Amino acid sequence: MPLFSASQRASSARTSNAHSGSLSNLVHRVLVNTAKEQDRQEQQPPSPPLNLVTTTPWNATRLIVRLGPVVETYENLEAVVRWKDPVKTVIWMIAWCALCYYPTLLCISPNLFIIVIILRNFYRRQREDQDNPPPTPPPVTSWSTSIAVGSEPYLKNMQFLQNVMTVYCDAYDKIVGFLKDLTWTDTETTSSLLQYALASIPLTWLVYFTVPFNYLLIFGGLLMFLHTTTQFRAVHIAWLPVMVLAVIKRYLTTLLEALRGLEPFPPLNKDNGMVRETDKVPSVTEVPVTVAVFENQRWWAGPGWIPHLLPTERPPWSDSTGKIVCPTLADHKLPGPGWAWADLDWKVDADWMPTDTEGWVYSDHNWLHPSGQPGLVSLTRRRRWVRSMHPPIGGMATGQGAGSK
């Protein structure tokens with residue numbers, strides 16, 4: 001008895017022919033659509049040419065009008081990072097830690113973002129309906145594109161765009177300055193960077209395989225929130241450059257010497273297995289540490305340039321940010337016993353920015369738009385004083401007399 005009847009074989013043949021026909025039809029449609037899409041892309045008009053008379057001003061105005069949401073997002077992030085609302089900053093820190101510890105939350109983060117926006121707009125509309133305010137122009141934080149040219153929201157967006165361009169130019173200049181060290185224009189600097197890059201590879205792999213990556217993200221995120229606080233900046237200025245960077249340089253130097261086949265440390269003492277204090281090789285902590293203090297002044301009608309500033313701005317003597325109060329040059333003391341001044345006196349740093357002959361950098365009322373020469377809107381100025389000091393060596397007071405007197 002045959003396994004399949006004639007009718008079954010005929011049905012199977014028809015099914016096979018139908019599948020092959022549909023497959024060939026699908027391939028034909030794909031080829032036709034590909035050819036049509038290629039023709040459509042080839043027929044697309046080229047990019048419009050440069051037109052400084054009509055196109056550029058028109059698009060620039062459209063961009064400034066539509067920057068409202070970007071400005072609002074930036075201001076909210078700045079308020080969180082700069083601790084303008086401590087409760088909100090702490091909430092963001094907790095959310096960041098939870099996101100790093102449970103990465104699966106990233107899958108629902110877009111949904112949560114949409115829900116937050118909808119609820120925020122809902123409560124905002126409820127308040128507006130309850131208050132029944134008179135019709136007002138749309139605020140800068142709205143998505144409206146009907147902002148009048150020259151209005152306050154327009155000028156605010158324009159100021160934001162100006163500041164973004166300044167930040168981009170400064171970052172570009174810094175990156176280009178760093179890349180110059182990689183072009184062998186200075187053979188010694190480039191060679192040192194190459195050696196440190198090669199020597200840090202084992203340390204990087206060690207950290208990667210030892211510390212979980214999500215913990216590194218948590219640490220980096222918390223550091224981003226904490227680095228703007230006054231306490232962190234004070235610790236960073238007084239302790240971090242001296243201790244942490246010195247330790248990193250010491251171990252990298254040791255690793256480089258070991259790779260070269262040299263003896264990185266003197267032999268151990270046979271008595272107790274420790275190196276004697278008198279036998280230690282001078283460490284990199286002998287490198288002088290440069291301290292910088294900024295002198296700030298404001299121009300007043302009559303007295304001229306005097307160190308009398310507004311209560312809401314930086315003090316007469318501060319750090320580079322203007323947020324940390326520093327003592328005057330005469331009152332500036334060494335960090336502790338064992339420290340010693342490497343320079344006889346303070347000196348003006350005329351190389352940190354373009355300055356005038358006395359080292360002053362002029363700016364406007366808000367300490368923005370620095371310039372090396374005074375202008376019509378120059379109402380503030382500052383200059384950088386520097387002095388080098390030697391840190392303690394091996395825990396012994398190398399400059400005890402200078403530090404205690």
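When segment 82-99 is examined, which residues are found to be more than 14 Å from LEU223 (Cα to Cα) and hydrophobic (A, V, I, L, M, F, W, C)?
VAL87, ILE91, ALA95, ALA98, LEU99
Considering segment 182-203 alone, what residues qualify as being part of a loop (DSSP other than H, G, I, E, B) and modelled with pLDDT of 85 or more?
Within segment 182-203, LEU182, THR183, TRP184 meet the criteria.
State all residues of segment 361-390 that are without any contact (Cβ under 8 Å) to a residue 24 or more places away in the chain and over 17 Å from THR166 (Cβ atoms); if no residue qualifies, say none.
GLN373, PRO374, LEU376
Go through (1) modelled with pLDDT of 80 or more; (2) outside the structural domain of GLU152 (by TED's automatic domain parsing) one by one and return the number of the condition THR15 breaks.
(1)
List every residue pair whose Cβ atoms lie under 8 Å apart, where the two residues are 6 or more positions apart in sequence or sit on different chains, the first residue falls within segment 37-66 and is in the same structural domain as ASN163 (by TED's automatic domain parsing), and the second residue, located anywhere, is surrounded by 12 or more Cβ atoms within 10 Å (Cβ to Cβ) and at pLDDT below 80.
VAL65/ILE147
For segment 66-94, give me each residue that is of a type in the set (A, V, I, L, M, F, W, C) and either assigned to a helix (DSSP H, G or I) or in contact with a His (Cβ under 9 Å, 6 or more places away or on another chain) (or both).
VAL70, VAL71, LEU77, ALA79, VAL80, VAL81, VAL87, VAL90, ILE91, TRP92, MET93, ILE94
Kindly evaluate VAL287 against the criterion of being under 27 Å from ASP343 (Cβ atoms) and modelled with pLDDT under 85.
So VAL287 passes the test.
Does ALA402 count as at pLDDT below 85 and loosely packed, with under 15 Cβ neighbours inside 10 Å?
Answer is no for this residue.
Look at segment 310-329 and say how many of its residues are assigned to a loop (DSSP other than H, G, I, E, B), aliphatic (A, V, I, L, M) and without any contact (Cβ under 8 Å) to a residue 24 or more places away in the chain.
The qualifying residues number 1.
Take the residues in segment 334-351 that are part of a loop (DSSP other than H, G, I, E, B) and without any contact (Cβ under 8 Å) to a residue 40 or more places away in the chain; name whichever of them is farthest from GLN162 (Cα to Cα).
The selected residue is LEU344.
Listed here are the residues, each with its yes/no results for (1) under 30 Å from LEU226 (Cβ atoms); (2) small (Gly, Ala, Ser).
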| residue | (1), (2) |
| --- | --- |
| ARG29 | no, no |
| ALA35 | no, yes |
| ARG62 | no, no |
| VAL65 | no, no |
| ALA95 | yes, yes |
| CYS100 | yes, no |
| LEU106 | yes, no |
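Hey, among the residues in segment 302-335 that are out of contact with any strand residue (DSSP E or B) (no Cβ under 8 Å at 6 or more places or on another chain) and at positive phi, which one's modelled with the highest pLDDT?
GLY304
Go through segment 62-94 and count every residue that is of a type in the set (Gly, Ala, Ser) and over 17 Å from the mean Cα position of the chain (by Cα).
Adding up the residues that qualify gives 1.
Could you tell me how many of the residues in segment 352-366 are in a loop (DSSP other than H, G, I, E, B) and surrounded by 18 or more Cβ atoms within 10 Å (Cβ to Cβ)?
The total comes to 3.
Being over 23 Å from PRO374 (Cβ atoms) and touching a Ser or Thr at 6+ places or on another chain (Cβ under 6 Å): is that true of ASP319 here?
Answer is no for this residue.
The values are calculated or read from the model by the stated rules, or taken from the named source; none is laboratory data. Note that the structure is a prediction, hence the values are computed from the model and not measured. Here Cβ is always computed from backbone atoms with ideal geometry, including for glycine, and neighbour counts include all displayed protein chains.
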